[in-house]
Amino acid sequence: MVFSSKLIEDAVNEFSKLPGIGKKTALRMVLHLLKLEKENVHAFTKAISDMRDSIVFCKQCHNVSDTLLCDICSNPARDKTQICVVESIRDVIAVESTGQYNGLYHLLGGILSPLDGIGPDQLNISTLYHRAKNNDTQELIMALSPTIEGDTTVYYIAKQVADLPVKITTIARGISFGGELEYADEMTLARSIAKRLPIDNYVTLGKNS
Ligand SMILES: [Zn+2]
């Protein structure tokens, strides 16, 4: 792509560094910004700079936050007896969006993956242990990827906190709602049968959704 303006070229190059954005899309965005009032473009760039400059990680759960303690950790209405253990902020957003969970979170920052050089020291596991030790904590809900690495991480954490009086649970894994049985993979179907629910639970869940 040949540009007649170095300024446009620089802006296009910056946009094309974003995930999923090629040069053509980047150019479309830049030309769009060029059409906007200057104030609108300044508001756009200020929001991005402010976000990058001011965001911190919550000292308790490691979620991204505007303050030292995030909105979830500092909310007195949240149930402090439950900690949902997840990999990243995207998982927090996903669980929060269900509106079904009122406990706290703990972000590990990934899962154990020795082949990629990710061991326990690279994850926020020691801070999780200290939180689990706190008298308020009664249950750790493991909401990690349904993979070998995810399962390994669950077992590792369970072993670490084995001496503490906390209950460890994992989120249910099974056939997705609206999914067809014959298309489910064997592992999912096997888990669904092993972790089957009494019909009472099934009917209650159906009414809530
Ligand atoms: Zn927090």
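No lab work stands behind these numbers, since they all come straight from the coordinates. As the structure is a computational prediction, the values presented were derived from the model and not from experiment. Neighbour counts are summed over all protein chains in view; Cβ atoms, including those assigned to glycine, are modelled from backbone coordinates with ideal geometry.
Numerical summary
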quantity	calculated
Residue among Asn135, Asn13, Asn40 with the largest mean-square fluctuation in a Gaussian network model of the chain, springs linking Cα atoms under 10 Å	Asn13
Residue with peak Gaussian network fluctuation, the chain [Cα springs, cutoff 10 Å], from Thr45, Thr127, Thr169	Thr45
Built amide H within the under 5 Å cut-off of Gly174, gap 5+	none
Cα-projected label distance for Ala47 with Ser74, points at 7 Å along beta-carbon direction, nm	2.3
Karplus-derived HN-Hα couplings along region 145-151 (A = 6.51, B = -1.76, C = 1.60, θ = phi - 60°), whole Hz, x at Gly and Pro	4, x, 10, 4, 4, x, 5
Stretch in the chain that is longest and holds no GluC sites (Glu not before Pro) that DSSP places in a loop and that have at most 15 other beta carbons within 10 Å	38-179
Diffusion constant of region 80-184 at 4 °C, which comes from Stokes-Einstein with the Kirkwood Cα-pair radius and 1.567 mPa s, µm²/s	89
Proxy reagent accessibility, fewest Cβ within 10 Å first, across Ile111, Ile171	Ile171, Ile111
Local net charge near Thr170, Cβ-Cβ under 10 Å (Lys/Arg +1, Asp/Glu -1)	+1
Nitroxide proxy distance, nm - points 7 Å out along Cα→Cβ at Ile148 and Asn40	5.2
Inter-centroid distance (Cα atoms) of region 107-142 relative to region 152-203, Å	19
³J(HN,Hα), Karplus 6.51/-1.76/1.60, whole Hz, each residue of region 74-82, x for Gly, Pro	8, 7, x, 7, 7, 6, 7, 7, 10
Theoretical gain in end-to-end length, Lys167 to Leu181 [0.36 nm per residue, Cα-Cα removed]	1.9 nm
Region 94-143: C-alpha gyration tensor shape, a/c 1.5 cut-off, then a/b vs b/c	oblate
